[in-house]
Amino acid sequence: MVDPKIMIPHWPQWDKEDVNIVKEVLESGKWWAGSPTGHSGENFWLFQKEFADFCEVRHAFAVTNGTHALEIALLVLDIGMGDEVIVPDMTFFASASSVISTNAVPIFAEIREDTFNIDENKIESLITERTKAIIVVHLGGMPAEMDVICEIAKKHNLGVIEDCAHSHGSRYKGKRLGTWGDIGTFSFQASKVLTSGEGGAVITNDDELAEKIYSIIDCGRKEGKHSYDHYNYGSNYRLSELNAALLRSQLKKFPVQHIKRNENARYLLQKLNEIDGIACQKRDEAVQECANYVFPFKFNPEKFGEMSVTEFYTYLNSMGIPSDDSYPPLHGLKCFKQMYLRKGIDYSNANWGGIKSNNNNFPVTSLVSSQLVELPQEVLLADKTLMDYIVKVIRELRESFSS
Ligand SMILES: Cc1ncc(COP(=O)(O)O)c(C=O)c1O
């Protein structure tokens, strides 16, 4: 069992400042944002500005959640009816369900064995005349090969959406993640490194896209126009003032947490990689900051007595180390074994459905996912003694199989 002196921090973390700001909003009776020209609460507008500064981007919009943020991004890029969008095969369901929601067709791409992100070398073979965009996910905040991916997109005139649900604060080759592609999307759901329980954001440097994003989020309105004039087909994706207030005070605490996570993640990566049979997610030298939403590593079952991934993380849990498996490949989810998810959409080009959903069609992703264990971000907020304890437990487990 974990040494009782080693504390595993709880998540989310809050203090008086968070309580006070939410209380102030409650007591003000201004529980929603209002419009750009007629503010109700101020926190929503200030958070958008502060989050844009944090992301080093021109425009940030606060929305209901990360799934909606993806849907908005797709709608803004004019993706719909039968269009194809390339999505990594190993990510959370929302990266693909958002594509289905907009009546488009997700096409799954294999991931890389080392970074566990979309394999940039497998993208071009998936492009057809129907392909309109690529959704890139930076697993655990570790950047995908954005320069190569953006080149491919440019060559084929495709949009790039960065799903940054895991990537708050990640920086690659000098640029924040979310600013490499056309649009970046974020989630502030409870487990995320910046959270208000639920919430999301959409960011862009493109002024024209920003105008469209605003309109889609706010019922098709236009900034400065009468509120019953609706110029586009939009919806209500606005974040509440209470969530925005909480996000503002959480954002203030982020830098200290972020530094701690980065320090511990670098240390753990180096130490765990010294164990024969363990391979941590590759961190390129050009990754200056990583959100470390999760800390993923692969174990080689041959070196660990043919343990399954479930046996591996269950053992860690039994030793007091919170851990889990990673996402199952999307192609194998029950919904993607069916061919027809939305009425009237032509799914004949899909590389999933029926026998196409077979693991043999996605060998790398299937193998990686069967060997991938993740530590949640709060582990990285702990004292260094916890990192040493994790290394010790995994090393001793490995040694138990080495005779
Ligand atoms: C990669 C990824 N994309 C999108 C989402 C969706 O975010 P939300 O839960 O805020 O809708 C998540 C949530 O976990 C995620 O992990």
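Read-outs throughout are calculated quantities, based only on the coordinates presented, and are distinct from any laboratory measurement. Here the structure is a predicted model, which is why all the values come from computation and not from measurement. Positions of Cβ are backbone-derived with ideal geometry, glycine not excepted, and every protein chain shown enters the neighbour counts.
Annotations for the structure displayed:
- Evaluated at q = 0.21 Å⁻¹, a Debye calculation over the C-alpha positions of the range 129-245 (equal weights, vacuum) places log10 I(q)/I(0) at -1.19.
- With Cα atoms as the point set, the radius of gyration and Dmax of the chain evaluate to 21.6, 76 Å.
- Spin-label model, Met81 to Asp53: label points 7 Å out along the Cα-to-beta-carbon direction sit 4.5 nm apart.
- Magnitude of the charge dipole for the chain, about its Cα centre and with charges confined to Cβ atoms of Lys, Arg (+1) and Asp, Glu (-1), is about 380 debye.
- Considering only the chain, percent of DSSP beta bridges that pair antiparallel, nearest 5: 65
- In this calculation the C-beta distance from Glu302 to Ser348 is compared with R0 = 51 Å, giving a FRET efficiency of 0.80.
- Computed from phi, the 3J(HN,Hα) profile of the range 132-141 under the Karplus parametrisation 6.51, -1.76, 1.60 (θ = phi - 60°) reads 10, 7, 10, 9, 9, 10, 9, 4, x, x Hz, with x in place of Gly and Pro.
- Proximal lysines to Lys155, defined as alpha-carbon separation beneath 29 angstrom and excluding residues fewer than eight positions away on the same chain: Lys122, Lys132, Lys173, Lys175, Lys212, Lys282, Lys356
- For the range 283-342 versus the range 143-172, the gap between their alpha-carbon centres in whole angstrom: 22
- Relative contact order (percent, whole number), the chain, Cα cutoff 8 Å, 6+ residue spacing: 21
- Taking every DSSP helix (H) stretch of at least 4 residues in the chain, weighting each as -39,500 (n - 2.57) and dividing the sum by the residue count yields a mean residue ellipticity at 222 nm of -10500 deg cm²/dmol.
- Projecting the Cα positions of Ala104, Pro36, Phe295 onto the charge dipole of the chain (unit charges on Cβ atoms of Lys, Arg, Asp and Glu, taken about the Cα centre) puts Pro36 furthest along the positive direction.
- Each Cα pair under 8 Å and six or more residues apart adds its sequence gap; the mean of these over the residue count of the range 254-399 is a relative contact order of 34 percent.
- Equivalent ellipsoid semi-axes - Cα gyration tensor, the range 16-250, angstrom: 30, 20, 14
- Which of Tyr389, Asn349, Ser308, positive extreme of dipole for the range 254-399 (C-beta unit charges): Asn349
- Taking all Cα pairs closer than 8 Å and separated by 6 or more residues, the relative contact order of the range 16-250 comes to 26 percent.
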